[in-house]
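Trainee: My questions will all concern the structure given below.
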Amino acid sequence: MKNALCVLLAFTFFFAGCCGREGNPVQAYLPGDEKRSCESVCAEMSQAQTEIARLTPKANKAGYNTVMFVGGLFVIVPFFFMDFKNGEKVELQAYRQRYNSLSLIAAQKGCVIADGGAKRDVPVAVPASN
């Protein structure tokens, strides 16, 4: 019995390092961002918005971890599927910071972000006319 408990404890510590994935955040500012054209800044902002929309549902793991914890009380296997590293939340925050950084650059350059209407999925940025 003691040996089985020790093995179970060893496996628990071994798999605890695998609970979730590490986040791979993007940098909020990249060298050369201020030299980008309005169209390039807008395209990058659109890509950041797409990633934000993709990561938002995955970022909140509270309900998922609660279900896995309750299941783990009855059978130990769900404990191994809990996510404690919050990689999606880290990436989501990084994309939000990237989007905010790009919007500041667009404002400094005087870019006007206009709706493309129903024809376009990506907003178009054009230099403001003086």
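The values are calculated or read from the model by the stated rules, or taken from the named source; none is laboratory data. Here the structure is a predicted model, which means the values were calculated and not measured. Ideal geometry is used to build each Cβ from the backbone, glycine not excepted, and the neighbour counts take in all protein chains shown.
Trainee: Restricting to the stretch 100-130, and then to whatever is modelled with pLDDT of 70 or more and within 20 Å of ARG54 (Cα to Cα), can you tell me which residue is surrounded by the most Cβ atoms within 10 Å (Cβ to Cβ)?
Mentor: Residue satisfying both the conditions and the ranking: LEU102.
Trainee: Conditions: (1) modelled with pLDDT of 80 or more; (2) crowded, with 17+ Cβ neighbours inside 10 Å; (3) within 21 Å of GLU22 (Cα to Cα). GLN97 meets all but one. Number of the miss?
Mentor: Tallying (1) modelled with pLDDT of 80 or more; (2) crowded, with 17+ Cβ neighbours inside 10 Å; (3) within 21 Å of GLU22 (Cα to Cα), GLN97 fails exactly one: (2).
Trainee: A further question follows. Cβ-Cβ under 9 Å, sequence separation 6+ or interchain: first residue in the stretch 58-87 and without any contact (Cβ under 8 Å) to a residue 24 or more places away in the chain, partner crowded, with 16+ Cβ neighbours inside 10 Å and not in a helix (DSSP H, G or I). Which pairs?
Mentor: Every condition considered, the pairs that remain are TYR64/MET82; TYR64/ASP83; ASN65/MET82; ASN65/ASP83; MET68/MET82; MET68/ASP83; PHE69/MET82; GLY72/MET82.
Trainee: Same structure again: Go through the stretch 61-73 and count every residue that is surrounded by 15 or more Cβ atoms within 10 Å (Cβ to Cβ) and part of a helix (DSSP H, G or I).
Mentor: Selection size over the stretch 61-73: 4.
Trainee: Identify the single condition in (1) at pLDDT 75 or above; (2) in contact with a Ser or Thr (Cβ under 9 Å, 6 or more places away or on another chain); (3) not charged (D, E, K, R) that PRO57 does not satisfy, given that it satisfies every other one.
Mentor: (2)
Trainee: In the stretch 1-35, how many residues are closer than 18 Å to TYR95 by Cα, part of a loop (DSSP other than H, G, I, E, B) and either at pLDDT below 85 or not β-branched (Val, Ile, Thr) (or both)?
Mentor: 11
Trainee: Can you name the residue in the stretch 74-94 that is assigned to a loop (DSSP other than H, G, I, E, B) and either modelled with pLDDT of 90 or more or more than 16 Å from the chain's Cα centre (by Cα) (or both) and, of all such residues, is nearest to GLN49 (Cα to Cα)?
Mentor: That would be MET82.
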